[in-house]
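Quick notes on the structure that follows.
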Amino acid sequence: MTAADPNLQQVFDHIEANRDSFIERVMDYVRHPSISAHNIGIREVAALLVETLKGLGMEAEAMPTANHPMVLGRRDVSPDKPTIMLYGHYDVQPPDPLDLWVSPPFEPTIRDGRIYARGIGDNKGQHFAQLLAIESHLAVHGDLPCNIIFLLEGEEEIGSPQIASFVREHAGRLKADLVVTSDGPLHESGLPVITFGVRGVASFELRCRTASRDVHSGNFGGIVPNPIWKLVQLLATMKNPDGVITIEGINEPVIPATNFEREAVSKLPLDLDQVKADLGLAELDGPKERGYYDRLMFHPTLTINGFHGGYGGPGSKTVLPCEALVKCDMRLVEPLTPDYVYEKIRLHVERHAPDVEFVPLNAMLPSKTPMDSPFAAPIRRAVEAARGVEPLLYPTVGGSLPEYAFTKILGLHSFVVPYANADEANHAPNENLEIVRFVDGIRTGAALLWEIGRLDR
């Protein structure tokens, strides 16, 4: 690795000199609950962020939506400089179950080199690292290397229902050259990653009711249709024993992986035996011939999230239930859209089980940025300068983020550059962020601004 530019090295030195202070400040930040699902602390934390952004010389405000506000900040350096939009979310998951936390979720605690608190990894610690990177540039050089837009959402943990309309309505204020999101984990090895895409999601329910009430299985078995069997038989027509989704037309639009994407995947570390051992698996789901990363990046999936119906208590109950419900989701790859998928599922249900009700739920579009994007190289240089190692390149990841709002609505290239450790336990008790990862995140954010600022507009 070559030495960092002397001007960037000064920023790195400032970050190291203020390491303890930065740790204290992020711990103070995550003390403030901001649980979007329960509307707890949302507006208070939005107001806190507005003051923080103004303290960095930004024009900042909490902008209303149909539900929780978006926090928007902007600082312009020069029209000749590129503009980077930094996206994150200030809302967090509910902390339940509380009895599984070693220390209270909103009383940040350091143990074994990690900060434990709800939201420290997802996503407060990561976007706070970006804020400290901006602050460090200002402290050392008095200005920023590029123009910055900072967008923080208050509803990511409940599916980002307002972001598309917000981005459309305020597109003029969101003009940028690229978007970077710092969310999610590093590779299990600790190696940094750059992600170029995310899968979408389409959740739905299948509901079946066959009688006006539950009945005795001896008196009415073979007379009253069983709604659980109806759903079982319907589900069996949607995915075969080999693991192939058999909903008519679902796979037809899917775009095969490019050679560039397959080359990147071939370089990703994988200890499949260890993965299986960690999860207690004897085998992977079908199709058996499909590669591990192919499953996560290049194909849609169909998952049964929950199946509800009949009696589930102790002992036996000879009942024939009158209703049953199954919850499912599909992860979507380009160019699948929720609307397209929902229509295919609706037609499939009508064809195979017309008395079953299909109910679409929350959904999100997939997103993909070309791996030969002109911004890929400077982002790689930034990660290498900050971390001292070459990042892994992910064509896409299995989960979903609202990146489509930037790629499909604004037409921008969007990247995910995570800072959190792979075992951050986000969405679970004892969420944590390794302190070294937090500091590396500040360094990466600082290097990112520096590299983007060196680009020609």
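The values are calculated or read from the model by the stated rules, or taken from the named source; none is laboratory data. The structure displayed is predicted, hence computed values, not measured ones. So basically every Cβ, Gly included, is an ideal-geometry build from the backbone, and we count neighbours across all protein chains shown. Accessible surface is based on the protein model in full, side chains and every heavy atom, while ligands, DNA and RNA are left aside. Shrake-Rupley method; radii C 1.70, N 1.55, O 1.52, S 1.80 Å.
When the stretch 64-76 is filtered for residues that are surrounded by fewer than 16 Cβ atoms within 10 Å (Cβ to Cβ) and in contact with a strand residue (DSSP E or B) (Cβ under 7 Å, 6 or more places away or on another chain), only ASP76 remains.
Of all residues in the stretch 89-107, those satisfying the criterion of being crowded, with 23+ Cβ neighbours inside 10 Å and touching a His at 6+ places or on another chain (Cβ under 8 Å) are HIS89, TYR90, ASP91. From (1) closer than 19 Å to GLY441 by Cβ; (2) open to solvent by less than 50 Å² (accessible area, probe 1.4 Å), pick out the condition that doesn't hold for ILE110. The one condition ILE110 does not meet is (2). For the stretch 356-392, the set of residues classified as among the β-branched types (Val, Ile, Thr), farther than 14 Å from VAL180 by Cα and in contact with a Phe, Trp or Tyr (Cβ under 7 Å, 6 or more places away or on another chain) consists of VAL359 only.
Residues in the stretch 420-457 that are in a loop (DSSP other than H, G, I, E, B), open to solvent by 10 Å² or more (accessible area, probe 1.4 Å) and within 15 Å of LEU191 (Cβ to Cβ): ALA422, ASP423.
I need the full set of residues from the stretch 51-63 which are open to solvent by less than 20 Å² (accessible area, probe 1.4 Å) and closer than 17 Å to GLU155 by Cβ, in order please. Hit for the stretch 51-63 is MET63, nothing else. Filtering the stretch 191-211 to residues that are over 14 Å from the mean Cα position of the chain (by Cα) and either open to solvent by 10 Å² or more (accessible area, probe 1.4 Å) or charged (D, E, K, R) (or both) leaves LEU191, SER203, GLU205, ARG207, ARG209, THR210, ALA211. Taking into account only those residues within the stretch 118-162 that are open to solvent by less than 40 Å² (accessible area, probe 1.4 Å) and on the phi > 0 side of the Ramachandran plot, which is farthest from the chain's Cα centre (by Cα)? Checking each candidate, the answer is GLY119.
Quick check on the stretch 351-362. Is at least one of its residues under 21 Å from the mean Cα position of the chain (by Cα) and in a helix (DSSP H, G or I)? No, every residue in the stretch 351-362 fails to be under 21 Å from the mean Cα position of the chain (by Cα) and in a helix (DSSP H, G or I). Specify the residue that is surrounded by the fewest Cβ atoms within 10 Å (Cβ to Cβ); the eligible residues are those in the stretch 268-280 that are farther than 15 Å from LEU296 by Cα and either in contact (Cβ under 8 Å) with a residue 40 or more places away in the chain or under 25 Å from the mean Cα position of the chain (by Cα) (or both). Among those residues, the one meeting the criterion is LEU279.
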